[in-house]
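One structure is given below, encoded as structure tokens.
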Amino acid sequence: MRALNAAGQVIHPSKDAKAKKYHDAKYQIFKSLYEQQLSHRSIMMQALQ
């Protein structure tokens, strides 16, 4: 197994405030879209009953 997994490069979090703000906003959008998906799925399941 060790032969399949060579040591890789370590990537540390950016200390750039703009990058953090960007990724925080992106995560908020992701969570919002996920909640919408659950809501839409529920509506469609109710329509099939």
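Note on the chain: the C-alpha convex hull projects to 6.9 nm² when averaged across all orientations. Could you point to the residue in Val10, Ala25, Ser39 farthest towards the positive end of the chain's charge dipole, with +1 and -1 charges on the Cβ of Lys/Arg and Asp/Glu respectively? Projecting each Cα onto the dipole axis, the largest value belongs to Val10. The 3J(HN,Hα) values that the Karplus relation (6.51, -1.76, 1.60; θ = phi - 60°) gives for segment 34-49 are, in residue order, 5, 4, 5, 4, 5, 5, 5, 4, 5, 4, 5, 5, 5, 5, 8, 9 Hz. Gly and Pro appear as x. Calculated FRET efficiency, Ala17 and Met44, Cβ-Cβ r, R0 35 Å, to nearest 0.05? With R0 = 35 Å, the Cβ-Cβ based efficiency is 0.30.
Using the Cβ-Cβ distance between Phe30 and Leu4 with R0 = 30 Å, the FRET efficiency computed as 1/(1 + (r/R0)^6) comes to roughly 0.45.
Each value in this text was obtained by applying a stated rule to the coordinates, not by laboratory testing. Note that the coordinates shown come from a computational prediction; the quantities given were computed from them, not determined experimentally. Positions of Cβ are backbone-derived with ideal geometry, glycine not excepted, and every protein chain shown enters the neighbour counts.
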